[in-house]
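Inspection log for the structure reproduced underneath, given as structure tokens.
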Amino acid sequence: MLFVVLAGLSGLVWGVGDFAGGKATQRADALRVVWLSKLASLPLLALYLVLLPTGADLGGLAWGALAGLFGAVGVIVFYRALSAGAMTVVAPVASVTSAAIPVVVGLASGERPSPVALAGVTCALVAIALVSLAPPRPGVVSVVTGRLVGQAVLAGVGFALFFVLLARANVAAGGDAGLWPVGSAQLAALVLTGLLVLVARARSRDAGGGSWPRGWSLVWTAVAGPFDMTANALYLVATRYGDLSLVAPLAALYPVTTVLLALAVDRERLRPLQVVGLVLALAALLLVSGPLG
């Protein structure tokens with residue numbers, strides 16, 4: 001099925017962007033990384049809009065902008081929660097929340113996937129939780145608090161609303177919104193994060209120059225933005241061909257790419273539960289794309 005390919009690709013690409021963003025925020029302020037990454041994505045976005053021209057729909061643009069606002073909030077909260085060091089809690093909670101809510105919304109709106117496809121969705125949700133598990137960073141002592149868990153849930157809700165609202169942009173435009181909702185989402189996120197950067201700078205005695213991305217952090221930031229935006233575009237197109245309850249959990253398998261990149265770049269080792277998660281992720285793709293799905 002085409003939507004399975006597109007959703008799976010969006011998850012793979014999102015994973016690259018997420019990994020790059022995580023690397024960038026290790027040495028730079030999360031707000032500024034997010035803002036610069038959105039800015040870096042604009043030239044590629046303009047190219048996409050030129051190569052795939054369609055008429056802009058006001059409803060699609062509005063839903064896209066709203067999606068972008070919630071998505072930006074989700075990213076900022078997620079990065080800041082991760083900075084506490086409790087990745088074993090923050091990443092799985094945020095990821096599963098972001099995948100589960102669109103499933104519930106889709107089913108509540110009348111979508112009726114086959115039992116086999118729903119089994120694939122279940123595999124995807126479990127896979128996301130297991131693959132997201134990661135050991136705490138060396139030398140970082142973290143305490144899991146109710147506030148930290150709440151931040152993880154809030155980040156997941158932000159991501160979930162991004163999934164739901166961006167899919168809604170297609171509906172508002174009669175099923176063919178083009179890539180304009182992605183454009184309005186990027187611009188809305190750029191404006192919001194830009195305002196937050198200004199507010200944070202005004203509240204700080206130091207201008208905060210040291211927390212801007214520099215060197216490799218800037219390179220990772222420049223990678224994160226275009227990959228994130230491209231994943232948004234792939235996801236938007238996927239929602240034209242498949243139900244939200246199936247597309248969203250497949251797209252939310254982005255931790256798979258993040259883990260594989262951590263293996264290649266950071267020389268991290270897979271934990272046994274992560275291996276199980278990778279197998280379940282493959283099973284999810286096969287079940288959702290099966291003849292009964």
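Where a number appears in this text, it was derived from the coordinates with a stated rule and is not lab data. Just so it is clear, the structure is predicted and the values come from calculations on it, not from any experiment. All Cβ positions, even for glycine, are placed from backbone atoms using ideal geometry, and neighbour counts span all protein chains on display.
With Cα atoms defining each centre, region 250-293 and region 98-132 are spaced 15 Å apart in the structure. Restricting to Cα pairs below 8 Å that are 6+ residues apart, what does the relative contact order work out to for region 2-288? Please round to a whole percent. The value is 45 percent. In terms of surrounding Cβ atoms within a 10 Å radius of their Cβ, 216, 35, 180 rank from fewest to most as 216, 180, 35.
Taking the fewest neighbouring Cβ atoms within 10 Å as the starting point, the ordered list for 221, 122, 145, 258 is 145, 122, 258, 221.
Is there a quick way to get the dipole size of the chain? I mean about its Cα centre, with the Cβ of Lys and Arg at +1 and of Asp and Glu at -1; what is the value in debye to the nearest 20?
Its charge dipole is roughly 820 debye.
So for 18, 29, fewest C-beta neighbours within 10 Å to most, what's the order?
Ranked by crowding around the Cβ, least crowded first: 29, 18.
Length gained on full extension, residue 52 to residue 111, computed as 0.36 nm times the residue gap minus the Cα-Cα distance: 18.3 nm.
Positive-end ranking of 247, 270, 10 along the dipole of the chain, with charges on Cβ about the Cα centre, is headed by 270.
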